[in-house]
Amino acid sequence: MKKLKKIFWGGVITFVVLVAAAILVISAFLGDIVKRGVERVGPQITKVSIKLDAVQLSPWNGSASVRGLVVGNPEGYQTPQAISAGTIAVDLKPLSVFSDKIVLRSLHMESPEITFEGGLGGNNLSKIMDNVNAAAHTAAQTDNSVSTSTTAQAKPSKKLEVDDILITGARVHVSLTNLGGKESTLSLPPIHLTDLGKNEDGITATELTRSVLDALVTTTIKAVAQAGVDKSISRGANKITRELGNLLGK
């Protein structure tokens, strides 16, 4: 009997050690997996380059950080990037990365640098927004096609839930091509989004990108208009905001 107990507890301890070792190994590589995933999927959504320096992720306590995010500009724009952020702090539900729905309890982007290049006739941020909307439309059509097909056996993609997003200390570098490249820098108020994908179905990466970018673009255009940097932009800012709302179905 004692021998059986020893064998039993020896097996339990071995199992626990193996599970812990597996989680440690997965944790060591998970950051690189997320980094590659963002750099692969992000450009498909935005149609611009997206680079990350590093992603550190700990399933043990749910903490994560993203360093060196750089979102490029669409073709035809001269400034090197549209958005950059040194560090993004993330608090996620431990081990949800292994489920069908990844739950992020909070995401805090601090002091991002945003470039607004162009004018009322078109600018880099609105172009990226157009690209994201087109990707969302294509994804919706694909989902409808799959759902109406009786033979489709497509594996569902991972969904997301983000309970709280806070963007603070953002600065906008305004480059007005219709005024000979005149430049200025503006500060944005905090941007706060909550309860994205809170329902059972969650949201896709495209839908999350769309929500965050919409908030950034709308806030940036309003800041440019209020600062009176360009009277033509100021006169048309409300029109641009309305157009964005129409594109998003608001």
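Numbers at a glance
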{"item": "Lone unmet requirement of (1) at pLDDT below 85; (2) in contact with a His (Cβ under 6 Å, 6 or more places away or on another chain); (3) not hydroxyl-bearing (Ser, Thr, Tyr) for Asp32", "result": "(2)"}
{"item": "Some residue of the range 174-182 being exposed (fewer than 15 other Cβ atoms within 10 Å of the Cβ) and at pLDDT 55 or above", "result": "yes"}
{"item": "Long-range neighbours under 8 Å by Cβ, at least six apart or interchain, first residue crowded, with 20+ Cβ neighbours inside 10 Å within the range 198-215, second among the basic types (Lys, Arg) and not in a helix (DSSP H, G or I)", "result": "Thr204/Lys159"}
{"item": "Identity of the residue in the range 47-86, of a type in the set (D, E, K, R) and part of a strand (DSSP E or B), that ends up farthest from Gly31 (Cα to Cα)", "result": "Lys51"}
{"item": "Failed criterion for Lys127 (all others in (1) at pLDDT below 90; (2) surrounded by 16 or more Cβ atoms within 10 Å (Cβ to Cβ) hold)", "result": "(1)"}
{"item": "Considering residues of the range 84-115 that are under 24 Å from Leu188 (Cα atoms) and polar (S, T, N, Q) only, the residue surrounded by the most Cβ atoms within 10 Å (Cβ to Cβ)", "result": "Thr115"}
{"item": "Candidates Ala134, Ala89, filtered to the one that is of a type in the set (A, V, I, L, M, F, W, C), assigned to a strand (DSSP E or B) and at pLDDT 90 or above", "result": "Ala89"}
{"item": "Residues (more than 20 Å from Leu92 (Cα to Cα), surrounded by 19 or more Cβ atoms within 10 Å (Cβ to Cβ), within 13 Å of the chain's Cα centre (by Cα) and free of Cβ contacts under 8 Å to residues at least 40 places away in the same chain) located in the range 38-79", "result": "Ile50"}
{"item": "Yes/no for Ala82 being farther than 29 Å from Asp201 by Cβ and under 16 Å from the mean Cα position of the chain (by Cα)", "result": "yes"}
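Here is a yes/no grid of residues against (1) at pLDDT below 55; (2) within 16 Å of Leu125 (Cα to Cα); (3) in a helix (DSSP H, G or I); (4) not hydroxyl-bearing (Ser, Thr, Tyr):
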residue: Ala154; (1), (2), (3), (4): yes, no, no, yes
residue: Ile167; (1), (2), (3), (4): no, no, no, yes
residue: Asp195; (1), (2), (3), (4): no, no, no, yes
residue: Leu213; (1), (2), (3), (4): no, yes, yes, yes
residue: Leu216; (1), (2), (3), (4): no, yes, yes, yes
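The values are calculated or read from the model by the stated rules, or taken from the named source; none is laboratory data. These figures come from a predicted structure and were not determined experimentally. Cβ coordinates were reconstructed from backbone atoms using ideal geometry, including for glycine residues, and neighbour counts include every protein chain displayed.
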